[in-house]
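Structure record follows, encoded as structure tokens.
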Amino acid sequence: MKKINLVIAVSLIAVLLSITALSQLSPIINIISKTTQITPTISLEEKNTCTTSFYDKVQDVYENCIHYHNYTRCLNTTGSNTACSLQQDQINFQCKIGETTVIKNTTECRPNNEFIISIDQGTATLKKQIDFSDWGPCVYEAQNSCLIVTCQSIYDGANDGKFHGCKGGTSCQKFEICDNSIKTFYKNSRENFVEDDPTFHLNELAIKETAK
């Protein structure tokens with residue numbers, strides 16, 4: 001008898017330890033990438049970092065239960081409360097019998113705020129990186145067989161972290177990326193972009209070569 005109790009105790013401890021181990025799982029981090037073909041030779045890759053976190057959740061446990069309803073039924077054949085008999089109805093319902101702890105997870109994805117740009121030059125592929133995680137939001141579009149990346153400073157125009165269109169008085173930077181050339185333009189107090197704007201006083205956003 002003592003051996004049986006010992007086996008049961010060890011089994012319960014093992015189950016509890018396994019539940020504890022599951023609930024203390026480290027978050028799982030995955031990098032999800034999306035590539036957009038801008039022109040036949042230029043593509044742009046965006047990456048998101050997705051974190052899956054685990055947590056315990058207590059859930060109710062239910063099973064099928066039966067309630068027996070006893071009562072007296074009278075036919076009243078010869079007067080009130082005559083020809084009576086005991087009746088019983090069976091009522092089926094779901095009832096809570098306890099609780100259990102299950103492991104749940106939630107996944108949150110955040111953009112890495114960088115563009116990886118690939119330019120197919122025939123014999124080789126040139127790769128460039130624009131890391132705007134500390135600079136401000138960027139948007140992109142195709143224009144005249146080139147990739148246009150426009151960024152607005154989080155310190156002057158995109159204070160809420162959203163791109164608002166680079167109207168006059170905001171600091172913006174634009175990259176014109178074509179098959180054989182990359183140009184950078186700036187603007188602040190003016191309406192149009194130029195290669196040299198003396199009113200642009202922020203640190204320039206760099207476009208760098210990368211092996212990613």
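The values are calculated or read from the model by the stated rules, or taken from the named source; none is laboratory data. Please read these numbers as outputs of a predicted model, since none were measured by experiment. Here Cβ is always computed from backbone atoms with ideal geometry, including for glycine, and neighbour counts include all displayed protein chains.
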Go through segment 181-205 and count every residue that is free of Cβ contacts under 8 Å to residues at least 12 places away in the same chain and closer than 23 Å to Asn144 by Cα.
-> 4
Over segment 189-208, the set of residues out of contact with any Lys or Arg (no Cβ under 6 Å at 6 or more places or on another chain), over 16 Å from Pro137 (Cα atoms) and of a type outside the set (Gly, Ala, Ser) is Arg190, Glu191, Asn192, Val194, Glu195, Asp196, Pro198, Thr199, Phe200, His201, Lys208
Selection over segment 155-166 where residues are surrounded by fewer than 18 Cβ atoms within 10 Å (Cβ to Cβ) and either free of Cβ contacts under 8 Å to residues at least 24 places away in the same chain or not in a loop (DSSP other than H, G, I, E, B) (or both) yields a count of 4
If a residue has to be surrounded by 10 or more Cβ atoms within 10 Å (Cβ to Cβ) and in contact (Cβ under 8 Å) with a residue 12 or more places away in the chain to count, how many in segment 74-91 make the cut?
-> 2
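In segment 62-72, which residue that is surrounded by 10 or more Cβ atoms within 10 Å (Cβ to Cβ) and out of contact with any Lys or Arg (no Cβ under 7 Å at 6 or more places or on another chain) is farthest from Ile103 (Cα to Cα)?
His67
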Inside segment 175-199, the number of residues satisfying the requirement of being surrounded by 18 or more Cβ atoms within 10 Å (Cβ to Cβ) and either closer than 21 Å to Thr36 by Cβ or modelled with pLDDT under 90 (or both) is 2
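For the condition of a type in the set (Ser, Thr, Tyr), surrounded by 11 or more Cβ atoms within 10 Å (Cβ to Cβ) and under 28 Å from Ile207 (Cα atoms), what is the one hit in Thr39, Thr107, Thr101, Thr52? Step through it out loud before you land on a result.
Values: Thr107 fails: under 28 Å from Ile207 (Cα atoms); Thr101 fails: under 28 Å from Ile207 (Cα atoms); Thr52 fails: under 28 Å from Ile207 (Cα atoms).
The match here is Thr39.
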What is the residue count in segment 95-137 for residues that are in a strand (DSSP E or B) and over 20 Å from the mean Cα position of the chain (by Cα)?
-> 20
Of the residues Thr150, Thr106, which is within 22 Å of Ile38 (Cα to Cα) and either in contact (Cβ under 8 Å) with a residue 12 or more places away in the chain or not small (Gly, Ala, Ser) (or both)?
-> Thr150
Sole miss for Glu45 among (1) more than 30 Å from Pro137 (Cβ to Cβ); (2) assigned to a strand (DSSP E or B) is condition (1)
Inspect all residues belonging to segment 84-91 and state whether any of them is under 28 Å from Ser53 (Cα atoms) and either assigned to a strand (DSSP E or B) or among the aliphatic types (A, V, I, L, M) (or both).
-> no
